[in-house]
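Notes for the one structure printed next.
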Amino acid sequence: MNPSIETLREEASKKIAAASALEELEQLRIDYLGKKGSVPALMQSLKDLPNEEKPLFGKSVNELKGEISSLLSDKKDELSASVLNEKLQDEKLDITLPGSRYLLGKKHPINKVMDEAIEIFKGLGFSLEEGPEIESEYYNFEALNIPDNHPARDMQDTLYLPTGSLLRTHTSPVQIRVMEKQKPPFSFIAAGKVYRHDADVTHSPMFHQIEGFLVDQKTTFADLKGILETFLNQLFHKKISTRFRPSFFPFTEPSAEVDISCVMCDAKGCRVCQNTGWLEILGCGMVHPEVLKSVNLDSEEWQGFAFGVGIERITMLKYGIADIRLFFENDARFLNQF
Ligand code: PHE
(Lines give C-alpha, C1' and ligand atoms only; values in the text may rest on other atoms or scores of the structure.)
Protein backbone atom coordinates (compact mmCIF):
# COMPACT_ATOMS: atom_id res chain seq x y z
CA MET A 1 0.00 0.00 0.00
CA ASN A 2 1.19 3.52 -0.83
CA PRO A 3 2.73 5.02 2.33
CA SER A 4 1.39 8.55 1.69
CA ILE A 5 -2.18 7.20 1.48
CA GLU A 6 -1.75 5.41 4.78
CA THR A 7 -0.30 8.50 6.53
CA LEU A 8 -3.10 10.66 5.25
CA ARG A 9 -5.74 8.17 6.39
CA GLU A 10 -4.33 8.05 9.93
CA GLU A 11 -3.89 11.80 10.19
CA ALA A 12 -7.37 12.53 8.86
CA SER A 13 -9.13 10.08 11.15
CA LYS A 14 -7.29 11.46 14.21
CA LYS A 15 -8.05 15.07 13.36
CA ILE A 16 -11.67 14.40 12.53
CA ALA A 17 -12.13 12.48 15.78
CA ALA A 18 -10.60 15.38 17.72
CA ALA A 19 -12.71 18.11 16.09
CA SER A 20 -14.93 19.84 18.64
CA ALA A 21 -16.81 22.34 16.53
CA LEU A 22 -18.64 22.37 13.22
CA GLU A 23 -16.43 25.18 11.85
CA GLU A 24 -13.34 23.15 12.66
CA LEU A 25 -14.83 20.14 10.84
CA GLU A 26 -15.63 22.24 7.78
CA GLN A 27 -12.01 23.40 7.68
CA LEU A 28 -10.87 19.74 7.77
CA ARG A 29 -13.21 18.92 4.87
CA ILE A 30 -11.64 21.73 2.84
CA ASP A 31 -8.12 20.62 3.81
CA TYR A 32 -8.67 17.02 2.71
CA LEU A 33 -11.40 16.97 0.09
CA GLY A 34 -11.51 20.54 -1.18
CA LYS A 35 -10.29 21.44 -4.68
CA LYS A 36 -6.79 22.18 -3.39
CA GLY A 37 -7.00 19.54 -0.62
CA SER A 38 -4.69 16.61 0.07
CA VAL A 39 -6.87 13.91 -1.54
CA PRO A 40 -7.26 15.64 -4.92
CA ALA A 41 -3.51 16.32 -4.77
CA LEU A 42 -2.89 12.60 -4.42
CA MET A 43 -5.16 11.97 -7.38
CA GLN A 44 -3.07 14.48 -9.35
CA SER A 45 0.07 12.48 -8.63
CA LEU A 46 -1.55 9.49 -10.40
CA LYS A 47 -0.35 10.66 -13.78
CA ASP A 48 3.30 10.40 -12.75
CA LEU A 49 2.97 6.71 -11.82
CA PRO A 50 3.93 3.82 -14.07
CA ASN A 51 0.86 2.57 -15.91
CA GLU A 52 0.58 -0.75 -14.07
CA GLU A 53 0.36 0.96 -10.70
CA LYS A 54 -2.30 3.41 -11.76
CA PRO A 55 -5.47 1.27 -11.27
CA LEU A 56 -4.62 0.15 -7.74
CA PHE A 57 -3.46 3.60 -6.65
CA GLY A 58 -6.58 5.20 -8.09
CA LYS A 59 -8.78 2.70 -6.31
CA SER A 60 -7.00 3.28 -2.98
CA VAL A 61 -7.31 7.06 -3.26
CA ASN A 62 -11.03 6.70 -4.03
CA GLU A 63 -11.46 4.47 -1.00
CA LEU A 64 -9.63 7.01 1.16
CA LYS A 65 -11.89 9.74 -0.18
CA GLY A 66 -14.94 7.66 0.71
CA GLU A 67 -13.66 6.93 4.21
CA ILE A 68 -12.84 10.56 4.95
CA SER A 69 -16.27 11.61 3.65
CA SER A 70 -18.08 9.19 5.89
CA LEU A 71 -15.93 10.10 8.91
CA LEU A 72 -16.70 13.76 8.26
CA SER A 73 -20.42 13.16 7.92
CA ASP A 74 -20.60 10.99 11.06
CA LYS A 75 -18.71 13.60 13.02
CA LYS A 76 -20.94 16.32 11.61
CA ASP A 77 -24.04 14.50 12.85
CA GLU A 78 -22.46 14.07 16.27
CA LEU A 79 -21.45 17.72 16.59
CA SER A 80 -24.83 18.99 15.32
CA ALA A 81 -26.61 16.86 17.89
CA SER A 82 -24.50 18.24 20.72
CA VAL A 83 -25.01 21.83 19.52
CA LEU A 84 -28.75 21.22 19.57
CA ASN A 85 -28.57 19.65 23.00
CA GLU A 86 -26.62 22.58 24.35
CA LYS A 87 -29.15 24.96 22.87
CA LEU A 88 -32.03 23.05 24.39
CA GLN A 89 -30.25 23.02 27.72
CA ASP A 90 -29.63 26.77 27.59
CA GLU A 91 -33.17 27.62 26.61
CA LYS A 92 -34.79 25.28 29.07
CA LEU A 93 -37.80 26.89 30.69
CA ASP A 94 -39.10 25.55 33.95
CA ILE A 95 -42.75 26.49 33.80
CA THR A 96 -43.30 25.25 37.35
CA LEU A 97 -41.12 28.07 38.79
CA PRO A 98 -43.04 30.99 40.35
CA GLY A 99 -43.22 33.97 37.96
CA SER A 100 -41.63 37.33 38.66
CA ARG A 101 -44.11 39.62 40.35
CA TYR A 102 -45.15 43.02 39.05
CA LEU A 103 -45.09 45.60 41.85
CA LEU A 104 -48.50 47.20 41.96
CA GLY A 105 -48.61 50.93 42.59
CA LYS A 106 -50.74 52.13 45.46
CA LYS A 107 -52.36 55.37 46.37
CA HIS A 108 -50.00 57.57 48.39
CA PRO A 109 -51.12 57.89 52.05
CA ILE A 110 -51.48 61.67 51.59
CA ASN A 111 -53.77 61.20 48.59
CA LYS A 112 -55.66 58.52 50.45
CA VAL A 113 -56.44 60.79 53.41
CA MET A 114 -57.06 63.75 51.11
CA ASP A 115 -59.61 61.74 49.06
CA GLU A 116 -61.22 60.49 52.24
CA ALA A 117 -61.52 64.04 53.60
CA ILE A 118 -62.94 65.29 50.28
CA GLU A 119 -65.55 62.53 50.32
CA ILE A 120 -66.59 63.43 53.87
CA PHE A 121 -67.01 67.11 52.97
CA LYS A 122 -68.91 66.25 49.79
CA GLY A 123 -71.27 64.26 52.01
CA LEU A 124 -71.75 67.42 54.08
CA GLY A 125 -72.75 69.41 50.99
CA PHE A 126 -69.44 71.08 50.10
CA SER A 127 -68.31 71.24 46.46
CA LEU A 128 -64.67 70.89 45.45
CA GLU A 129 -62.84 73.92 44.04
CA GLU A 130 -59.33 74.50 42.77
CA GLY A 131 -56.88 77.33 42.48
CA PRO A 132 -53.38 77.85 41.08
CA GLU A 133 -50.25 76.96 43.07
CA ILE A 134 -48.46 79.99 41.62
CA GLU A 135 -50.30 82.94 43.08
CA SER A 136 -50.11 86.71 43.19
CA GLU A 137 -49.56 88.71 46.35
CA TYR A 138 -53.08 90.01 45.86
CA TYR A 139 -54.84 86.63 46.22
CA ASN A 140 -52.42 85.10 48.71
CA PHE A 141 -52.30 88.15 51.03
CA GLU A 142 -53.96 91.43 50.14
CA ALA A 143 -57.49 90.24 49.42
CA LEU A 144 -57.28 88.12 52.58
CA ASN A 145 -56.69 91.20 54.71
CA ILE A 146 -53.01 90.39 55.28
CA PRO A 147 -51.37 93.82 55.30
CA ASP A 148 -48.04 94.62 53.71
CA ASN A 149 -46.05 94.49 56.93
CA HIS A 150 -47.54 91.23 58.22
CA PRO A 151 -44.91 88.65 59.27
CA ALA A 152 -46.53 85.99 57.04
CA ARG A 153 -45.32 87.95 54.03
CA ASP A 154 -41.77 87.75 55.24
CA MET A 155 -39.27 86.30 52.77
CA GLN A 156 -38.54 83.73 55.49
CA ASP A 157 -41.89 81.98 55.03
CA THR A 158 -42.99 82.81 51.51
CA LEU A 159 -41.28 81.38 48.45
CA TYR A 160 -41.24 84.17 45.87
CA LEU A 161 -40.63 83.66 42.18
CA PRO A 162 -38.33 86.00 40.21
CA THR A 163 -41.42 87.27 38.37
CA GLY A 164 -42.86 88.70 41.60
CA SER A 165 -45.44 85.91 41.86
CA LEU A 166 -45.20 83.46 44.72
CA LEU A 167 -45.97 79.86 45.61
CA ARG A 168 -49.21 80.00 47.57
CA THR A 169 -48.55 79.63 51.30
CA HIS A 170 -52.08 78.37 51.99
CA THR A 171 -55.26 77.35 50.19
CA SER A 172 -57.11 80.47 51.40
CA PRO A 173 -56.60 82.44 48.12
CA VAL A 174 -59.13 80.02 46.58
CA GLN A 175 -61.75 81.72 48.82
CA ILE A 176 -61.29 84.93 46.85
CA ARG A 177 -61.05 83.30 43.42
CA VAL A 178 -64.31 81.39 43.88
CA MET A 179 -66.19 84.38 45.34
CA GLU A 180 -65.08 86.51 42.37
CA LYS A 181 -66.61 84.03 39.92
CA GLN A 182 -69.70 82.71 41.67
CA LYS A 183 -72.64 84.13 43.54
CA PRO A 184 -73.36 83.52 47.24
CA PRO A 185 -74.28 81.40 49.11
CA PHE A 186 -70.98 79.50 49.06
CA SER A 187 -70.03 76.15 50.52
CA PHE A 188 -66.92 74.61 49.06
CA ILE A 189 -63.60 73.08 49.94
CA ALA A 190 -60.30 73.60 48.16
CA ALA A 191 -57.66 70.90 48.40
CA GLY A 192 -54.10 71.05 47.19
CA LYS A 193 -50.42 71.76 47.62
CA VAL A 194 -49.07 74.75 49.51
CA TYR A 195 -45.49 75.94 50.02
CA ARG A 196 -43.49 77.47 52.83
CA HIS A 197 -39.84 78.06 53.56
CA ASP A 198 -39.74 75.56 56.40
CA ALA A 199 -38.33 72.05 56.92
CA ASP A 200 -37.94 69.69 59.89
CA VAL A 201 -39.54 66.46 61.19
CA THR A 202 -42.99 68.03 61.20
CA HIS A 203 -42.63 70.65 58.43
CA SER A 204 -42.06 70.17 54.74
CA PRO A 205 -41.51 73.02 52.20
CA MET A 206 -44.43 71.55 50.23
CA PHE A 207 -47.46 70.18 52.01
CA HIS A 208 -51.19 69.75 51.50
CA GLN A 209 -54.15 71.63 52.89
CA ILE A 210 -57.89 71.44 52.72
CA GLU A 211 -59.66 74.75 52.96
CA GLY A 212 -63.29 74.83 53.97
CA PHE A 213 -65.49 77.83 53.23
CA LEU A 214 -69.15 78.49 53.86
CA VAL A 215 -70.90 81.83 53.46
CA ASP A 216 -74.64 82.26 53.74
CA GLN A 217 -77.16 84.64 55.25
CA LYS A 218 -77.35 82.92 58.61
CA THR A 219 -74.26 81.05 59.68
CA THR A 220 -72.83 80.86 63.14
CA PHE A 221 -69.77 79.65 64.94
CA ALA A 222 -71.89 76.69 66.10
CA ASP A 223 -72.27 75.59 62.44
CA LEU A 224 -68.50 75.67 62.09
CA LYS A 225 -68.07 73.59 65.22
CA GLY A 226 -70.68 71.06 64.08
CA ILE A 227 -69.12 70.66 60.63
CA LEU A 228 -65.61 70.23 62.02
CA GLU A 229 -66.63 67.71 64.68
CA THR A 230 -68.60 65.65 62.16
CA PHE A 231 -65.62 65.71 59.82
CA LEU A 232 -63.13 64.65 62.53
CA ASN A 233 -65.32 61.84 63.89
CA GLN A 234 -65.73 60.39 60.40
CA LEU A 235 -62.07 60.79 59.49
CA PHE A 236 -60.70 59.09 62.60
CA HIS A 237 -63.59 56.62 62.86
CA LYS A 238 -64.14 57.45 66.51
CA LYS A 239 -65.59 60.07 68.81
CA ILE A 240 -63.20 63.01 68.87
CA SER A 241 -63.43 65.77 71.46
CA THR A 242 -62.48 69.26 70.32
CA ARG A 243 -61.22 72.32 72.09
CA PHE A 244 -61.45 75.72 70.44
CA ARG A 245 -58.75 78.15 71.56
CA PRO A 246 -58.92 81.85 70.63
CA SER A 247 -56.34 82.66 67.98
CA PHE A 248 -55.62 85.17 65.25
CA PHE A 249 -55.84 85.06 61.46
CA PRO A 250 -56.16 88.30 59.46
CA PHE A 251 -58.93 86.81 57.32
CA THR A 252 -61.18 85.52 60.13
CA GLU A 253 -62.71 87.21 63.16
CA PRO A 254 -63.11 85.72 65.66
CA SER A 255 -60.44 83.10 64.96
CA ALA A 256 -59.68 79.86 66.70
CA GLU A 257 -57.19 77.08 66.74
CA VAL A 258 -58.78 73.69 67.17
CA ASP A 259 -57.28 70.95 69.34
CA ILE A 260 -58.54 67.39 69.24
CA SER A 261 -58.35 64.82 72.00
CA CYS A 262 -55.13 62.89 71.38
CA VAL A 263 -55.86 60.03 68.96
CA MET A 264 -52.61 58.27 69.87
CA CYS A 265 -53.33 57.74 73.59
CA ASP A 266 -57.07 58.52 73.72
CA ALA A 267 -56.21 61.66 75.69
CA LYS A 268 -54.43 59.77 78.47
CA GLY A 269 -51.19 61.65 77.78
CA CYS A 270 -48.29 60.48 75.60
CA ARG A 271 -45.15 61.71 73.86
CA VAL A 272 -47.08 62.86 70.76
CA CYS A 273 -49.46 65.12 72.74
CA GLN A 274 -46.66 66.02 75.17
CA ASN A 275 -48.77 64.62 77.97
CA THR A 276 -51.49 67.22 77.49
CA GLY A 277 -54.05 64.85 75.96
CA TRP A 278 -54.62 67.45 73.18
CA LEU A 279 -53.31 67.89 69.65
CA GLU A 280 -53.45 71.11 67.67
CA ILE A 281 -54.92 70.32 64.31
CA LEU A 282 -56.41 73.22 62.37
CA GLY A 283 -57.12 76.93 62.16
CA CYS A 284 -60.54 78.42 61.58
CA GLY A 285 -62.84 81.36 62.23
CA MET A 286 -65.71 83.49 60.97
CA VAL A 287 -64.94 85.12 57.60
CA HIS A 288 -63.61 88.64 58.20
CA PRO A 289 -65.82 91.46 56.81
CA GLU A 290 -62.76 92.86 54.98
CA VAL A 291 -62.49 89.61 52.99
CA LEU A 292 -66.13 89.89 51.89
CA LYS A 293 -65.57 93.55 51.09
CA SER A 294 -62.70 92.66 48.73
CA VAL A 295 -65.21 90.83 46.50
CA ASN A 296 -67.92 93.47 47.00
CA LEU A 297 -70.14 91.42 49.25
CA ASP A 298 -72.14 93.17 51.93
CA SER A 299 -71.05 91.76 55.27
CA GLU A 300 -74.33 92.90 56.82
CA GLU A 301 -76.09 90.43 54.52
CA TRP A 302 -73.54 87.63 54.23
CA GLN A 303 -71.41 85.90 56.81
CA GLY A 304 -69.80 82.52 57.22
CA PHE A 305 -66.84 80.50 58.37
CA ALA A 306 -63.55 79.22 57.00
CA PHE A 307 -61.05 76.64 58.13
CA GLY A 308 -57.74 75.20 56.99
CA VAL A 309 -56.51 71.68 57.75
CA GLY A 310 -53.01 70.31 57.13
CA ILE A 311 -53.27 66.90 55.47
CA GLU A 312 -49.78 65.70 56.44
CA ARG A 313 -50.54 66.41 60.08
CA ILE A 314 -53.74 64.37 60.17
CA THR A 315 -52.20 61.56 58.09
CA MET A 316 -49.32 61.34 60.59
CA LEU A 317 -51.83 61.12 63.43
CA LYS A 318 -54.09 58.65 61.65
CA TYR A 319 -51.24 56.23 60.93
CA GLY A 320 -48.82 57.01 63.76
CA ILE A 321 -46.05 58.36 61.48
CA ALA A 322 -43.38 60.31 63.36
CA ASP A 323 -41.45 62.00 60.52
CA ILE A 324 -43.10 64.03 57.73
CA ARG A 325 -40.14 63.43 55.42
CA LEU A 326 -41.13 59.76 55.04
CA PHE A 327 -44.01 60.88 52.81
CA PHE A 328 -41.67 62.30 50.19
CA GLU A 329 -38.84 59.78 50.06
CA ASN A 330 -40.71 57.44 47.70
CA ASP A 331 -39.56 54.36 49.58
CA ALA A 332 -41.86 51.55 48.42
CA ARG A 333 -41.33 49.68 51.71
CA PHE A 334 -42.94 52.64 53.53
CA LEU A 335 -45.62 53.41 50.95
CA ASN A 336 -46.79 49.79 50.62
CA GLN A 337 -47.92 49.75 54.23
CA PHE A 338 -51.01 51.84 53.53
N1 PHE B 1 -54.85 79.68 55.95
C2 PHE B 1 -54.54 79.38 57.34
C3 PHE B 1 -53.14 78.77 57.41
O4 PHE B 1 -52.68 78.24 56.44
C5 PHE B 1 -55.52 78.41 57.93
C6 PHE B 1 -56.90 79.00 58.03
C7 PHE B 1 -57.78 78.84 56.98
C8 PHE B 1 -57.29 79.67 59.17
C9 PHE B 1 -59.07 79.40 57.08
C10 PHE B 1 -58.55 80.20 59.29
C11 PHE B 1 -59.44 80.08 58.26
O12 PHE B 1 -52.51 78.79 58.44
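Using a 1.4 angstrom probe, figure out how much accessible area the chain has per residue, in square angstrom, rounded to the nearest whole. It would help to have the intermediate numbers written out before the result.
On the way: 19600 Å² over 338 residues.
Ligands and nucleic acids excluded, the figure is 58 Å² per residue.
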Item to complete: Evaluate the chain: find the radius of gyration of its Cα atoms, find its Kirkwood radius, and give the ratio Rg to Rh.
Response: 1.63
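Within the chain, what whole-number % of the accessible surface is contributed by carbon and sulfur, with the 1.4 Å probe and all protein chains included in the calculation? Mind showing how you got there, number by number?
Numbers: 10380 of 19600 Å².
Summing carbon and sulfur atoms, their accessible area is 53 percent of the total for the chain.
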Worksheet item: Once amide H atoms are built 1.01 Å from N in the peptide plane, which residues 5 or more positions from Ala256, or in another chain, come under 5 Å H to H?
Response: Ser247, Cys284, Gly285
Discussion item. I'd like to know which of Tyr195, Ala117, Leu167 lies farthest towards the positive end of the charge dipole of the stretch 58-196, counting +1 on Cβ of Lys and Arg and -1 on Cβ of Asp and Glu.
Written reply: Ala117
Discussion item. Can you pull out the GluC sites (Glu not before Pro) in the stretch 60-159 whose DSSP state is coil and whose Cβ has at most 11 other Cβ atoms within 10 Å?
Written reply: Glu91
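Which three semi-axes in whole Å describe the equivalent ellipsoid of the stretch 294-338, each the square root of 5 times a Cα gyration tensor eigenvalue, listed largest first? Walk me through the intermediate numbers first.
On the way: eigenvalues 318, 25, 12 Å².
In descending order, the three semi-axes are 40, 11, 8 Å.
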Worksheet, complete the sentence: Per DSSP, the loop-located trypsin sites (Lys or Arg not before Pro) within the stretch 48-106 having at most 13 other beta carbons within 10 Å are Lys92, Arg101, Lys106
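Quick one: net charge around Phe126, please, counting Lys, Arg +1 and Asp, Glu -1 for every other residue with C-beta under 12 Å from its C-beta.
Numbers: positive: Lys122; negative: Glu119, Glu129, Glu211.
The answer is -2.
In deg cm²/dmol and to the nearest 500, what is the mean residue ellipticity at 222 nm of the chain if only DSSP H runs of at least 4 residues count, each as -39500 (n - 2.57), divided by the residue total?
Helix-only estimate at 222 nm: -12500 deg cm²/dmol.
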Fill in: Loop chymotrypsin sites (Phe, Trp or Tyr not before Pro), the stretch 20-114, which have at most 14 other Cβ atoms in a 10 Å radius of their Cβ (DSSP)
Tyr102
Worksheet item: Between Lys193 and Asn275, how many nm apart are label points set 7 Å from Cα along the C-beta direction?
Response: 4.1
Response to the item:
Taking alpha-carbon centroids only, the stretch 203-228 lies from the stretch 1-76 a number of Å equal to 101
Worksheet item: If you project the alpha carbons of the stretch 95-169 onto the principal axes, what extent comes out on each, in Å, largest first?
Response: 72, 37, 19
Worksheet entry | Positive-end residue of Ser69, Val39, Gln89, charge dipole of the stretch 3-90 with Cβ unit charges | Val39
Fill in: Accessible-area order (highest first, 1.4 angstrom probe) of the listed residues Leu79, Leu159
Leu159, Leu79
Fill in: Sites Gln337 and Thr96 - FRET efficiency at Förster radius 45 Å, r taken between beta-carbons, to 0.05
0.90
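By how many nm would the segment from Ser241 to Ile134 grow when fully extended, if each residue of separation counts as 0.36 nm and the alpha-carbon distance is taken off? Could the numbers behind the result be given before it?
Values: separation 107, 0.36 × 107 = 38.52 nm, distance 3.63 nm.
Length gained between Ser241 and Ile134: 34.9 nm.
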Worksheet, complete the sentence: Computed over the chain, the relative contact order (Cα-Cα under 8 Å, seq sep at least six) in percent reads 14
Discussion item. Using +1 at the C-beta of Lys and Arg and -1 at the C-beta of Asp and Glu, which of Pro132, Phe207, Pro151 has the Cα lying farthest in the positive direction of the dipole of the chain?
Written reply: Phe207
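Let me check something: with ligands and nucleic acids excluded, how do His208, His237, His197 order by accessible area (1.4 Å probe), largest to smallest?
His237, His197, His208
Please give the charge dipole size of the stretch 3-90, origin at the Cα centre, charges +1 on K and R Cβ atoms and -1 on D and E Cβ atoms. Round to the nearest 20 debye. It would help to have the intermediate numbers written out before the result.
On the way: 13 positive and 17 negative charges, 67 e Å.
About 320 debye.
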Worksheet item: Once the principal axes of the Cα atoms of the stretch 3-90 are found, what is the range along each, listed largest first in whole angstroms?
Response: 58, 19, 15
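The values are calculated or read from the model by the stated rules, or taken from the named source; none is laboratory data. The structure presented is a predicted model; accordingly, all values stated were derived computationally and were not measured. Neighbour counts run over all protein chains shown; Cβ positions are idealised from the backbone, glycine included. Protein only, heavy atoms only, side chains kept; ligands, DNA and RNA dropped before computing areas. Shrake-Rupley method; radii C 1.70, N 1.55, O 1.52, S 1.80 Å.
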